[in-house]
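The structure appears right after this line, and notes come after that.
The values are calculated or read from the model by the stated rules, or taken from the named source; none is laboratory data. In this text the structure is predicted, and so the values were computed from the model without any measurement. Please note: Cβ atoms are built from the backbone with ideal geometry, for glycine as well, and neighbour counts cover all protein chains shown. Only protein heavy atoms, including side chains, enter the accessible area calculation; ligands, DNA and RNA are left aside. Shrake-Rupley method; radii C 1.70, N 1.55, O 1.52, S 1.80 Å.
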Amino acid sequence: MTSPVPEEGTGHDAGVPSDTAAVPAVRLSGITKRFPGVVANSDVHLGVRAGEVHALCGENGAGKSTLMKILYGMQQPDEGTIEVEGREVVFRSPADAIDAGVGMVHQHFMLADNLTVLENVLLGAEKLHGIGRRARARVSELARRAGLTVDLSLLVEELGVADRQRVEILKVLYRGARIVILDEPTAVLVPQEVDELFATLREMRADGYTFLFISHKLDEVRAIADAVTVIRRGTTVGTADPRTVTSRQLAEMMVGSELPSPETRVSSVTDVEVLRVEGLTLRSEGSERPLLDSIDLTVRAGEIVGIAGVEGNGQVELVEAVMGMRRAHAGTVRLSGVDLTSKGTMARREAGIGYVPEDRTRHGLLLDEPLWSNRILGFQSRRPVSSGAWLSIEGARTDTTRIVEQFDVRTPGIDVAAGALSGGNQQKLIVGRELSGDPVLLIASHPTRGVDVGAQAGIWEHIKTARANGLAVLLVSADLDELIGLSDTIKVIYGGRLVADADPRSVTPEDLGAAMTGAGEVGTDDGGTDDGGTDDGGTDRSTRGGDR
Amino acid sequence: MGSIRAKLLPPALAIAFAVLLCAVTLLFSGSSPLEALGAMVGSLGRGTTAVDVVNTATSYYIVALAAALGFQMNLLNIGIEGQYRLAACVAAIVGGAVTLPFGLGVVVTMLAAAATGAAWVGIAALLKVYRGVSEVISTIMLNALSFGVIAYLISSDMFGELRGNNIGTPYLPESSRVPGFSFGSSGTVFGMVLVAAALGVGYWVLMNRTRFGFELRASGKSPTAAAAGGVNAKKMILVTLLISGAVAGLAGLPELLGRDHTFSLNFPAGYGFTGLAVALLGRNNPVGIAFGALLWAFLDKSRLALDNVGVPSEIVTIMQGSIVLSVVVAYELVRRVELRAEQRRVGGQNPPGSGEPRPVSAGGAV
């Protein structure tokens with residue numbers, strides 16, 4: 001996620017990175033990759049010196065992943081050349097890349113849970129050293145290097161996330177990789193684990209391994225990387241020295257200079273309570289561990305209440321419990337004084353709750369269906385898209401046209417499938433739909449995640465306008481700048497409890513980041529530091545948190 | 001969505017491919033493909049075959065609608081086989097037991113069939129909703145159970161009567177029979193063909209014009225999005241399976257009310273599985289299913305003609321199998337091409353580098 005900062009020029013020259021080492025480990029020149037309708041990478045230049053940790057930064061959708069898939073042979077570039085250790089190579093498949101010594105650790109692990117660590121490493125690489133004693137010796141040696149201390153005969157399902165990640169690294173090392181691509185390796189880790197991972201990376205760097213580290217967490221990048229290349233809108237905009245650059249300067253490079261601001265400073269908060277949640281408790285199935293622990297929350301008309309937290313601390317559960325998609329074990333949910341606790345999702349929607357879900361493709365849209373059909377979803381019991389048991393196709397089409405115009409959804413028509421739109425336009429459609437029918441409360445989960453800057457500004461604007469008209473908004477976001485900019489009140493969620501309140505007028509992203517890790521109260525003085533210890537504004541723990 | 005071309009091209013390609021495949025098979029087995037094709041098409045010219053095709057297709061159409069209802073929300077009602085046979089059996093018993101004025105008897109018989117079909121699948125539906133039992137497993141087991149229940153019901157101790165070496169329910173009174181459209185020596189087309197057509201229209205209206213149909217399709221396309229959109233998944237599973245079972249229950253009636261007037265040991269079996277294939281062939285579309293049902297019935301009936309010219313009639317089974325497989329593949333191919341084209345069209349709206357910035361990876365991520 002972006003960390004949008006006020007408009008300023010970038011402090012760095014854009015251009016081809018200069019490499020001082022004789023032969024760069026990896027050099028990408030003029031890489032261009034087109035997908036139908038979009039250019040994912042255009043004229044990308046990247047040079048990585050041997051034995052360094054090279055960070056690749058950019059917002060979601062900037063083209064980092066595509067670039068790495070090209071380097072790993074999962075996709076072929078339309079133009080441009082790849083050089084590995086001075087030799088020009090053409091990768092037709094990941095196997096070619098591995099042969100050339102390039103390995104990749106994916107963000108989502110690809111391990112067989114019911115096999116042991118050793119079996120997982122050997123699976124598919126039996127030809128190298130067989131599956132006997134020789135293989136085990138080799139794996140043990142590499143395991144030490146990768147900092148994996150667990151017994152190799154343990155089942156992977158018994159391992160924690162950090163160890164699983166080590167197993168993934170071990171897999172690529174075993175296959176002979178000297179250049180390892182790490183795709184957002186810290187997204188799934190807690191802070192201490194991040195530190196341990198970094199320690200391992202430093203040791204391995206000393207052993208001569210080269211790392212390409214993909215991230216958008218700027219403080220982490222500055223903590224580990226020897227060089228940073230920033231990618232924006234599919235092209236490299238420049239490199240920076242992490243020792244001298246600040247997070248703010250990096251953020252500016254990542255998002256360019258036409259930054260909109262999420263700020264809403266004129267308060268429109270009224271004293272009319274819209275949402276009142278009391279003692280909301282939700283336990284995970286089959287265990288007593290609370291996912292939500294006695295949550296008390298009030299959102300008033302014209303107020304935006306922001307929920308800050310590292311992903312996986314109960315945000316998803318809170319939203320789904322308020323929406324009625326999950327049944328709370330205790331507590332009440334009231335909307336404008338009406339008790340909705342025992343009501344289902346449809347009844348809650350009819351009572352006036354709009355819902356912008358976290359994952360628009362899974363929860364927000366029917367991708368195969370045309371836009372007008374998607375307008376009906378969630379509103380199938382209400383005018384103008386239905387009357388009683390019957391749908392009103394005409395009403396749905398007319399209202400979809402209104403949304404397309406009013407919310408600037410870029411589409412050739414309302415008959416195209418929702419899946420054909422870009423992420424930003426899909427999101428604008430959803431926001432437009434959920435603001436239809438005069439809701440009294442909008443629950444917005446990461447409303448601008450993975451959308452481009454233009455759409456982001458539009459969505460912020462619509463939320464602000466609705467708030468000014470008296471809408472109550474519950475905003476969950478991993479983008480701290482968005483939270484601070486939009487919210488009237490910020491609450492920090494940690495371990496399923498609301499642990500702290502923050503005033504968005506005085507809090508800094510750094511303070512908020514510290515509170516999110518459970519470090520305690522949000523300090524209002526002792527302003528933010530840039531020492532890399534806390535999460536930056538772009539905190540985005542895992543893009544798929546909350547999947548079940 | 002897609003154009004007419006996108007809808008018609010895949011099945012046409014698939015059928016052409018299946019014909020080609022069968023031609024090759026025939027050549028290998030030493031028969032002449034042209035002769036076989038000639039015999040198959042030629043048999044249609046005889047009126048009796050044509051009437052037979054339409055009559056069989058009527059039942060196929062109804063079972064396929066029942067299957068399609070489940071398919072639309074990713075429910076596999078494998079139990080249609082058991083539902084339609086048990087329903088026909090109960091309907092024959094009920095229809096034979098009551099004597100009502102004309103019309104009313106038919107209605108009562110049909111209601112009995114629908115209720116039985118729904119009740120039988122209802123067991124699987126309740127197991128799925130409250131116990132999470134896969135409907136595939138439970139309906140298969142219910143199929144096996146239905147054979148036993150039917151055998152018990154038509155035994156002479158219960159409702160059956162012995163006729164020669166056959167056993168069956170008493171004949172339906174005149175008031176519970178459905179007259180057909182006579183084509184003289186060619187035979188009689190079942191009057192139930194009108195009921196089947198009405199079911200097709202009803203199915204289309206339900207799917208495309210009602211809130212229930214929308215929720216059903218939404219649940220099938222994305223259970224998560226449907227849940228977020230306020231669709232009650234349990235209720236949808238229950239109601240959809242009940243409707244599917246009720247429709248399935250009607251599938252045995254064309255034969256029962258139009259020709260046999262009794263449920264006996266030779267009551268036709270196997271329609272349930274045909275229905276799954278026909279629904280696939282018709283892509284859950286009522287018009288597509290009609291064509292699929294006719295094609296399937298035609299292929300079934302052409303076995304006889306093939307036997308007459310000395311071509312192994314198993315070729316028909318090969319053809320049916322290859323048509324279904326090719327249709328599934330062809331639609332998937334066309335769907336991908338269409339989506340690609342649509343993305344390009346959407347992308348063309350605002351070419352990269354001009355106007356508003358757009359997320360560069362969107363196309364790759366979708």
**Prompt:** Can you tell which of A:424, A:454, A:413 is open to solvent by 10 Å² or more (accessible area, probe 1.4 Å) and in contact with a Gly (Cβ under 8 Å, 6 or more places away or on another chain)?
**Reply:** A:454
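Sort out which residues of the range A:199-231 are in a helix (DSSP H, G or I) and open to solvent by 10 Å² or more (accessible area, probe 1.4 Å), and write them in order of number.
Of everything in the range A:199-231, those that are in a helix (DSSP H, G or I) and open to solvent by 10 Å² or more (accessible area, probe 1.4 Å) turn out to be A:199, A:200, A:202, A:203, A:205, A:206, A:220, A:222, A:223.
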**Item:** The lone exception for residue B:103 - which of (1) more than 19 Å from residue B:159 (Cβ to Cβ); (2) in contact with a Ser or Thr (Cβ under 6 Å, 6 or more places away or on another chain) it fails
**Value:** (2)
**Request:** Sort through B:93, B:80 and tell me the only one that's touching a residue at least 24 places away in the same chain (Cβ under 8 Å) and crowded, with 24+ Cβ neighbours inside 10 Å.
**Result:** B:80
**So residue B:219, is it at negative phi, outside any loop (DSSP other than H, G, I, E, B), within 14 Å of another protein chain (Cβ to nearest Cβ) and open to solvent by less than 70 Å² (accessible area, probe 1.4 Å)** = yes
**Complete:** Within the range A:233-248, residues in contact with a Leu (Cβ under 8 Å, 6 or more places away or on another chain) and within 19 Å of residue A:510 (Cα to Cα) come out as A:247
**Complete:** Checked the range A:13-33 for anything buried (at least 19 other Cβ atoms within 10 Å of the Cβ) and either in a loop (DSSP other than H, G, I, E, B) or at pLDDT 85 or above (or both); matches are A:17, A:24, A:25, A:26, A:27, A:28, A:31
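If we keep just the residues of the range A:142-177 that are among the basic types (Lys, Arg) and open to solvent by 40 Å² or more (accessible area, probe 1.4 Å), which is nearest to residue A:104 (Cα to Cα)?
Looking at residues that are among the basic types (Lys, Arg) and open to solvent by 40 Å² or more (accessible area, probe 1.4 Å), I get A:175.
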**Item:** Qualifying positions in the range B:222-274 - within 14 Å of chain A (Cβ to nearest Cβ) and among the polar types (S, T, N, Q)
**Value:** B:222, B:224, B:232
**Item:** Conditions (1) crowded, with 20+ Cβ neighbours inside 10 Å; (2) under 21 Å from the mean Cα position of the chain (by Cα); (3) within 14 Å of chain A (Cβ to nearest Cβ); (4) not in a loop (DSSP other than H, G, I, E, B); number of the one not met by residue B:284
**Value:** (4)
**Asked** Would the range A:433-453 turn up any residue that is farther than 23 Å from residue A:353 by Cα and of a type outside the set (A, V, I, L, M, F, W, C)?
**Response** yes
**Request:** Six or more apart or on different chains, Cβ under 7 Å: which pairs go from a residue in the range B:112-140 that's free of Cβ contacts under 8 Å to residues at least 12 places away in the same chain to one that's open to solvent by 10 Å² or more (accessible area, probe 1.4 Å) and not in a helix (DSSP H, G or I)? Could you list them?
**Result:** B:127/B:133
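Yes/no per residue for (1) surrounded by 20 or more Cβ atoms within 10 Å (Cβ to Cβ); (2) aliphatic (A, V, I, L, M):
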site	(1), (2)
A:358	yes, no
A:362	no, no
A:365	yes, yes
A:372	yes, no
A:375	yes, no
A:383	no, no
A:388	no, no
A:397	no, no
A:403	yes, yes
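Okay, residues lined up against (1) more than 13 Å from chain B (Cβ to nearest Cβ); (2) at pLDDT 85 or above; (3) open to solvent by 40 Å² or more (accessible area, probe 1.4 Å):
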| residue | (1), (2), (3) |
| --- | --- |
| A:35 | no, no, no |
| A:97 | yes, yes, no |
| A:104 | yes, yes, no |
| A:114 | yes, yes, yes |
**Request:** Considering only residues that are buried (at least 22 other Cβ atoms within 10 Å of the Cβ) and polar (S, T, N, Q), look in the range B:98-122 and name the one that is nearest to the chain's Cα centre (by Cα).
**Result:** B:116
**Fill in**
Within the range A:422-451, of all residues that are in contact with a helix residue (DSSP H, G or I) (Cβ under 6 Å, 6 or more places away or on another chain) and in a loop (DSSP other than H, G, I, E, B), the one nearest to the other protein chains (Cβ to nearest Cβ) is A:422
